[in-house]
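The values are calculated or read from the model by the stated rules, or taken from the named source; none is laboratory data. Small disclaimer: the values here were computed from a predicted structure and weren't measured. Positions of Cβ are backbone-derived with ideal geometry, glycine not excepted, and every protein chain shown enters the neighbour counts. When the accessible area is computed, the model is the full protein with side chains, heavy atoms only, and any ligands, DNA or RNA have been set aside. Shrake-Rupley method; radii C 1.70, N 1.55, O 1.52, S 1.80 Å.
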Amino acid sequence: MAANSSSTVSKSSSGSSAGGKPSGPSAEQVVATFQKMRQEQRSMASKSADFEMDINEHSLVIETLKEVDPSRKCFRLVGGVLVERTVKEVLPALESNKEQISKLIESINKQMQTKGRDLTEYRERYNIRLVGEGEAEAQGQSAASSSDNKDGGSKSGAGVLVS
């Protein structure tokens, strides 16, 4: 398999549902949606990591400024403009920013957990397997699911392999 291929479909079911109803999204649509959800989760993780670095920088500056005379001149970058202030004016603003960033990180982490649950549910609903993820187990499961379908099991959806 080529390294650039994003997915392969295994055992697609081309039969339509009874009553002429659409059988659901195609394998390509399932993979595209799954990839989009994964990318959103990665984006959230990246933002969270960036904010963690910002918190570390804020902490370093706050610790440094606590040891400095409060009336000393201090320069702060505000919207691309360097502004002259005193340490006693800048320190509370930095502490406030640090708290707000911490709350933002908590919010992003909650969203990532929710997105992770959604991703897991989506994977289970459409029987999505990632490349290299328990290939022996996947073969055993596909054999078991095919025997379930022979016995009249109502398992729907195609097995989709995503890299």
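Worth pointing out:
- Accessible area per residue in Å² at 1.4 Å probe, computed on the range 31-71: 66 Å²
- Couplings 3J(HN,Hα) of the range 50-58, computed from phi: 4, 5, 4, 5, 4, 4, 4, 5, 4 Hz, in residue order, whole Hz [Karplus 6.51 cos²θ - 1.76 cosθ + 1.60, θ = phi - 60°; x for Gly and Pro].
- Highest average packing first - 42-51, 75-84, Cβ atoms within 10 Å: 42-51, 75-84
- Between amide H atoms placed 1.01 Å from N, distances below 5 Å from ARG85 occur with CYS74, PHE75, ARG76, all of them 5 or more places distant or on a separate chain.
- Residues whose amide H comes within less than 5 Å of that of ARG129, counting only those at least five positions distant or on another chain, are VAL160, LEU161, VAL162 (H built at 1.01 Å from N in the peptide plane).
- Here the Karplus relation 6.51 cos²θ - 1.76 cosθ + 1.60, evaluated at θ = phi - 60°, turns the backbone of the range 104-118 into coupling constants of 5, 4, 4, 4, 5, 5, 5, 5, 5, 5, 4, 5, x, 5, 4 Hz, with x for every Gly and Pro.
- Rounded to whole numbers, the Karplus 3J(HN,Hα) couplings from phi for the range 96-102 are 5, 4, 4, 5, 5, 5, 4 Hz, using 6.51 cos²θ - 1.76 cosθ + 1.60 with θ = phi - 60°, and x at Gly and Pro.
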